[in-house]
1. Can you pick out the pairs among Lys288/Lys319; Lys288/Lys309; Lys299/Lys319; Lys65/Lys227; Lys79/Lys208 whose Cα atoms lie more than 18 Å from each other?
2. Looking at Pro300, Pro239, Gln257, which one has the Cα that reaches farthest to the positive end of the dipole of the stretch 225-315 (charges on Cβ: Lys, Arg +1; Asp, Glu -1)?
3. Which loop GluC sites (Glu not before Pro) in the stretch 211-314, with loop taken from DSSP, have no more than 12 other Cβ atoms within 10 angstrom of their Cβ?
4. Just to confirm, what accessible area per residue do you get for the stretch 209-263 at 1.4 Å probe, in whole Å²?
5. Hey, what do the phi angles of the stretch 318-326 turn into as Karplus ³J(HN,Hα) couplings, whole Hz, using 6.51/-1.76/1.60 and θ = phi - 60°, x for Gly and Pro?
6. Largest first, what is the accessible-area ranking of His177, His190 with a 1.4 Å probe?
7. What GluC sites (Glu not before Pro) in the stretch 73-158 are in a loop by DSSP, with at most 10 other Cβ atoms within 10 Å of the Cβ?
8. Taking 25 Å as R0, compute the FRET efficiency from the Cβ-Cβ separation of Gln278 and Ala337 and round it to 0.05.
Amino acid sequence: MWTNGKVAGATLKTLRYLQHCCIPTVLRRGTDGRQQRLCRLMSSSGPPWRLLFFGSDQFAVESLKLLTSSRNSSEEVVKSLEVVTLSGDVPVKRFAQQNHLPVHSWPPDNVDGQFDVGVVVSFGCLLPERLINKFPLGILNVHPSLLPRWRGPAPIIHTILNGDTVTGVTIIQIRPHRFDVGPILNQELHPVPENCTADELGAALATKGAHLLINTLRTLSERVAQKREQSKTGATFAPKPNTSLSWVVWEEQTCDQIDRLYRAVRFRTPLRTTWMGQTIKLLDFVGKCHISSADQKRKPVPGSVTYLKESNALAVCCKDGWVGFKAVLLNKRLTAADFYNGYLHQTLQNKTLYQTAEGFFVTRKRGTATHQITENSLLQQ
């Protein structure tokens with residue numbers, strides 16, 4: 001028979017095993033009203049993990065690609081991999097089908113006991129608490145910012161718009177009801193290259209995020225145990241942009257702000273303004289332009305537009321200078337020379353460009369009122 005010491009030793013070993021292999025995931029109220037903490041046995045105490053991936057776009061594909069290849073690597077991190085994606089022909093679904101990964105439609109059916117951990121990358125849907133609780137190690141999220149900065153669906157766009165010089169990638173555990181508020185498991189800085197676009201930055205962060213995810217999964221149990229809550233200060237929100245963001249406000253925006261706006265949204269929507277009551281799209285941005293005082297017949301106001309023959313660009317006056325565009329879209333695509341020859345040439349010849357409606361672009365948000373105010377101010381100079 002065992003002595004009391006042997007019994008105590010065996011019990012201690014069992015408790016340590018359960019602590020190592022089980023993660024408390026669900027809080028329920030018992031019949032007596034008190035909360036009971038339940039444990040779900042994982043497939044193992046460490047990697048490789050049984051993983052369910054949630055994603056949709058190309059940013060998410062980079063993480064899914066690395067997870068897929070890790071199953072065949074010498075340092076195996078993923079034991080099994082299945083995918084949940086949205087309806088339609090989205091990049092994650094195409095990649096999963098091409099690589100023969102099991103695909104579930106959203107929301108997934110019963111996943112009880114089938115997975116150790118979930119991973120969400122650029123998915124766009126809140127996961128309910130009942131689903132999160134089915135994963136012993138929770139569900140991780142790869143987020144392209146230094147949380148709590150730029151919570152929300154468009155952190156990369158707002159990083160560029162704001163002129164941030166440093167960003168990064170954060171791995172968090174997700175929580176129900178709100179996006180991007182969960183505890184941090186891992187985080188890595190990334191300098192923002194000068195003059196980069198949102199798409200260029202997004203590609204770099206997608207790659208960095210995929211590698212940071214694998215790094216996190218290697219020591220996941222320890223990272224979960226050492227997770228830290230996000231700071232209560234410094235949180236900013238990055239809402240999904242709509243087309244209203246692309247309208248240039250010549251009176252308020254500086255050359256640098258227009259440059260950042262162009263780099264943030266150029267692959268999604270062109271910059272817009274109005275000309276003679278029509279919407280005109282501004283293409284092929286060339287940055288800040290130098291206009292000598294000798295080139296200005298009258299003192300220009302924001303929205304004033306002129307043609308630079310040497311660089312074949314349209315220069316537009318904004319709050320603190322001039323910015324240039326090589327082409328516009330007005331019914332059809334026109335080069336700066338086309339726009340000049342077809343629309344601006346006559347007024348330039350008459351040296352009345354800054355005295356007519358043809359001589360400037362008008363901020364849409366103020367419409368006709370701005371048009372009239374600007375024209376009146378020019379005539380009084």
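The values are calculated or read from the model by the stated rules, or taken from the named source; none is laboratory data. All values derive from a computational prediction rather than experimental measurement. Glycine also receives a Cβ, built like all others from the backbone with ideal geometry; neighbour counts cover every protein chain displayed. Ligands, DNA and RNA are excluded from the accessible area calculation, which covers all protein heavy atoms including side chains. Shrake-Rupley method; radii C 1.70, N 1.55, O 1.52, S 1.80 Å.
1. The answer is Lys65/Lys227; Lys79/Lys208.
2. Working it through, the farthest residue towards the positive pole turns out to be Pro239.
3. Those satisfying the criteria are Glu229, Glu252, Glu310.
4. 53 Å²
5. My calculation for the stretch 318-326 gives 10, 4, 10, x, 10, 10, x, 9, 7 Hz in order.
6. His177, His190
7. Glu75
8. 0.80
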